[in-house]
1. Relative contact order (percent) for the range 136-232, with alpha-carbon contacts under 8 angstrom and 6 or more residues of separation?
2. Expressed in nm to one decimal, what extension gain is obtained for the pair residue 13 and residue 97 from 0.36 nm per residue of sequence separation less their Cα-Cα distance?
3. Pairwise over distinct Cα atoms, reciprocal of the mean inverse distance: report the Kirkwood radius of the range 125-172 in Å, one decimal place.
4. Kindly put 95, 231, 62, 117 in sequence by how many other C-beta atoms sit within 10 Å of each C-beta, fewest to most.
5. Obtain the nm distance between the two label points defined at residue 55 and residue 203 by a simple spin-label model: each point lies 7 Å from its Cα along the Cα-to-C-beta direction.
6. Quick one: check the C-alpha center-to-center distance for the range 121-184 versus the range 1-69, whole angstrom.
7. How large are Rg and Dmax for the range 161-226 when calculated on the C-alpha trace, in angstrom?
8. Among 189, 169, what is the fewest-to-most ranking by other Cβ atoms within 10 Å?
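Bear in mind that the values in this text are calculations on the coordinates, not laboratory data. None of the values given here were measured: they were computed from a predicted structure. Backbone-built Cβ (ideal geometry, glycine too); neighbour counts: all protein chains shown.
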C-alpha cells in the first residue's frame, strides 16, 4: 500500500557537471504526492539535465534522489513513472499506426513483445485516450493528427499503465497557440480528477500559475521552490534575478 505521506520525489544537495563546469548546484527539492509542479527556467538552466537525473539516465556527482521514498539506485518500480518528451520533431508522420495502437504500445512492458492485448488492455487504452480528449480519433492514423493532437496521444500512451507520476518536458512545443489553454486544462484534469502527480517543465511561467500547485525556478541552482501563491507574490526584480535579465510575468485566468 502506498504511504501518501511519503514525498513522490526528494532531491537533496544534488550537483551535476560536465567536465569542469557544473550544470546543477546544490539542488534541494521535495514534491509531495498529488502535486502539480511547474519547473521553470531559461534555456540552458539545467532543466533537461535535472530530468535526466530524476529518470535515472545520468548519475549526479553529489547528492541524493529518492523516488516514492526509495533511493534512486535501489528503485525498481519505474512503471510508476510516465514520461513525455518534447513534441518529437523527428517523429515519422508516415508511421503506420492508429491512435489506439500507439497507446497500447505503452503496455508493452506489461504484455511483452508479442503484444497480445486483451479486452482489459484495450479498455485501459480507451480510458487513457478519453482522458486526453482524443476518443473521436481512436482509429485515426497518428500521422494524420496535428502536433498538439499527437502530443495528447503520447500522454495517453504514458498514462495507460496507470503511473503515479507523469513527467512532461516542454509538452506544448508543437502545440498551436490557440490550443495551449485547452492543453493545460487537460493536464489539470489529469492531476485533479485522475490523481496523477505531474512534473511539468516549461518556459510558460504566466500561463501555468493558475494550474500548478507548486513552482520550482531553476537556473543552475534552485532559486525558488514553493507553492504557487508564494511564487505569484514575488516581485519582478526577484524573478529577473533568477533569469539573469528583466522579466515581466503575465498571469492568465483560463476559467474566465
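1. With pairs under 8 Å counted, the relative contact order is 22 percent.
2. Residue separation times 0.36 nm, minus the Cα-Cα distance, leaves 25.9 nm.
3. Evaluated on the range 125-172, it is 11.1 Å.
4. Ordered from fewest to most neighbouring Cβ atoms within 10 Å, 95, 231, 62, 117 come out as 95, 62, 117, 231.
5. The two pseudo-label positions are separated by 2.0 nm.
6. 25 Å
7. 12.4, 34
8. 189, 169
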